[in-house]
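Trainee: Just passing along the structure, written as structure tokens.
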Amino acid sequence: MEISAGTTFLPCHFQKVQYHVALFKTDPKVLEGMLSGTGLKAALRWGRHGIVALGLIRYEQSDLGAYDEVIVSIPSIPADITAPFSNWLDMTGPLASRKVGQYILHIPVTSTFSMAAGSELWGYPKIVTGIDHDFGRDAISSRVSDPDGRMIMTCNGKLGSWLPSIPLSLVTYSFRHGVSLRTAVRVRGRMRFFLQQSLTLQVGDSDHPMARDLRLMGLDGKRPLFVMDSDRFQSVFHEGREMMIDRGQRDRIV
């Protein structure tokens with residue numbers, strides 16, 4: 001598959017990955033505003049709160065090379081389809097019938113090749129900037145800076161007791177050249193689900209859109225609701241499939 005930065009493969013394989021994902025509670029009205037014009041609606045609730053996901057990832061071996069990545073995404077569902085019986089359980093179901101997916105708000109990476117592939121193949125809003133991950137067995141320290149060197153965010157803390165968990169394949173919803181895409185991502189690998197952890201997200205002094213969105217969601221100084229990780233994570237990103245999503249009259253302004 002030819003892209004502007006060279007040649008890659010579809011499906012795209014990520015063979016050796018360190019992966020952490022944290023779910024945070026936030027204001028559902030804020031998520032509604034962020035999804036305005038996408039034809040999607042937030043899929044997960046925890047009581048009266050909405051849910052946003054933060055992924056902290058190191059790709060050690062992949063078809064896109066070795067690089068670090070951070071993902072801020074909203075678990076979402078197309079607004080015009082019938083919701084499943086349980087949106088939480090839907091994320092464990094077969095990929096072919098999966099309705100809940102991830103709408104990516106921000107995805108900084110440390111690789112220009114990954115940025116080109118992510119943008120051109122799937123429409124992901126990747127930028128190249130500074131990321132510093134320090135993943136220990138029982139602790140995490142991550143820092144993201146903007147292209148001017150100002151801090152966007154840090155996420156630091158210790159990981160406590162855990163239970164083994166099944167790997168969760170996923171779906172992403174994105175827009176490439178204005179066309180909506182649904183991408184299936186098959187995942188395997190041993191995972192841990194943390195019952196206790198002391199991670200804290202801090203937003204820095206950057207005025208980058210990612211920092212502004214983290215502040216708007218009220219995540220500065222917050223601890224996640226859940227954390228899962230894997231040091232034996234593998235995934236396969238398939239080609240995005242075009243789908244019909246009614247985006248209404250407005251596109252989200254970033």
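Read-outs: derived from the displayed coordinates by stated rules, not from any lab. What you see is a predicted model; the values in this text were computed from it and never measured. Backbone-built Cβ (ideal geometry, glycine too); neighbour counts: all protein chains shown.
Trainee: Where Lys and Arg each count +1 and Asp and Glu each count -1, what net charge lies around Lys126 among other residues with Cβ under 11 Å from its Cβ? Could the numbers behind the result be given before it?
Mentor: Working: positive: none; negative: Glu69, Glu120.
After counting each charged neighbour, the total is -2.
Trainee: With θ taken as phi - 60° and the coefficients 6.51, -1.76 and 1.60, list the Karplus ³J(HN,Hα) couplings across region 201-208 in order, rounded to whole Hz; mark glycine and proline as x.
Mentor: So the Karplus estimates, Gly and Pro as x, are 9, 10, 8, x, 8, 5, 9, 5 Hz.
Trainee: Now a separate question. State whether region 49-152 is rounded, prolate or oblate according to the following rule on the C-alpha gyration tensor (a ≥ b ≥ c being the square roots of its eigenvalues): a/c under 1.5 gives rounded; otherwise a/b larger than b/c gives prolate, and the remaining case gives oblate.
Mentor: Details: a/c = 1.95, a/b = 1.68, b/c = 1.16.
Prolate shape, in that a/c is at least 1.5 and a/b is the bigger ratio.
Trainee: Something else: Would you mind ranking Lys126, Lys29 by Cβ crowding within 10 Å, fewest neighbours first? Each step should come with its number before you reach the end.
Mentor: Working: Lys126 23, Lys29 10.
In increasing order of surrounding Cβ atoms, one gets Lys29, Lys126.
Trainee: Quick check on my link table: of Lys99/Lys158; Lys41/Lys99; Lys16/Lys126; Lys16/Lys222, which ones sit more than 23 Å apart, alpha carbon to alpha carbon? Don't jump to the answer; show the numbers that get you there.
Mentor: Details: Lys99/Lys158 33 Å; Lys41/Lys99 11 Å; Lys16/Lys126 21 Å; Lys16/Lys222 30 Å.
Pairs exceeding 23 Å: Lys99/Lys158; Lys16/Lys222.
Trainee: Using θ = phi - 60° and the Karplus relation 6.51 cos²θ - 1.76 cosθ + 1.60, list the HN-Hα couplings for region 15-28 in order, rounded to whole Hz, with x at every Gly or Pro.
Mentor: Per-residue couplings from phi come out as 8, 9, 9, 9, 9, 10, 9, 10, 9, 10, 7, 8, 6, x Hz.
Trainee: With Cβ to Cβ distances under 10 Å as the rule, what net charge do the other residues near Gln197 carry (K, R +1; D, E -1)?
Mentor: Values: positive: Lys158, Arg223; negative: Asp138, Asp229.
In short, 0.
Trainee: Relative to the Cα centre, what is the charge dipole magnitude of the chain, using +1 at the beta carbon of each Lys and Arg, -1 at the beta carbon of each Asp and Glu, and rounding to the nearest 20 debye? The partial results should precede the final answer.
Mentor: Details: 29 positive and 25 negative charges, 172 e Å.
That gives a dipole near 820 debye.
Trainee: Cα gyration tensor of region 137-186, axes a ≥ b ≥ c as square roots of the eigenvalues: rounded (a/c below 1.5), prolate (a/b > b/c) or oblate?
Mentor: Values: a/c = 5.05, a/b = 1.19, b/c = 4.24.
Oblate, because a/c is 1.5 or more while a/b does not exceed b/c.
Trainee: Ranked by Cβ crowding within 10 angstrom, fewest neighbours first, how are Met243, Met228, Met91 ordered? Don't jump to the answer; show the numbers that get you there.
Mentor: Values: Met243 12, Met228 17, Met91 20.
Fewest-to-most ranking of Met243, Met228, Met91: Met243, Met228, Met91.
Trainee: With charges only on Cβ, +1 for K and R and -1 for D and E, what is the dipole size of region 143-251 about its Cα centre, in debye, rounded to 20?
Mentor: On the way: 17 positive and 12 negative charges, 96 e Å.
The dipole of region 143-251 has a size of about 460 debye.
Trainee: What are the equivalent ellipsoid semi-axes of region 86-241, built from the alpha-carbon gyration tensor (square roots of five times its eigenvalues), in whole angstrom, biggest first?
Mentor: Numbers: eigenvalues 121, 107, 43 Å².
Rounded to whole Å, the semi-axes are 25, 23, 15.
Trainee: Now a separate question. What residues qualify as long-range amide H neighbours of Leu64, i.e. H under 5 Å apart, gap of 5 or more or another chain, H built at 1.01 Å from N?
Mentor: none
Trainee: Which order results if Trp88, Trp162, Trp122 are arranged by neighbouring Cβ count within 10 Å, fewest first?
Mentor: On the way: Trp88 14, Trp162 17, Trp122 22.
Final ranking by Cβ density, sparse to dense: Trp88, Trp162, Trp122.
Trainee: Another one. I'd like the Karplus ³J(HN,Hα) series for region 159-167: coefficients 6.51, -1.76, 1.60, θ = phi - 60°, whole numbers in Hz, and an x wherever there's a Gly or Pro.
Mentor: Coupling constants for region 159-167: 9, x, 6, 8, 10, x, 9, 6, x Hz.
Trainee: Please name whichever of Thr110, Pro209, Pro94 sits farthest to the positive end of the charge dipole of region 8-242, dipole taken about the Cα centre and charges placed at Cβ: Lys and Arg +1, Asp and Glu -1.
Mentor: With unit charges placed on the Cβ atoms, the residue in question is Pro94.
Trainee: By how many nm would the segment from Glu60 to Asp134 lengthen if fully extended, with 0.36 nm per residue of separation less the alpha-carbon distance?
Mentor: Numbers: separation 74, 0.36 × 74 = 26.64 nm, distance 1.34 nm.
Between Glu60 and Asp134, full extension yields 25.3 nm more.
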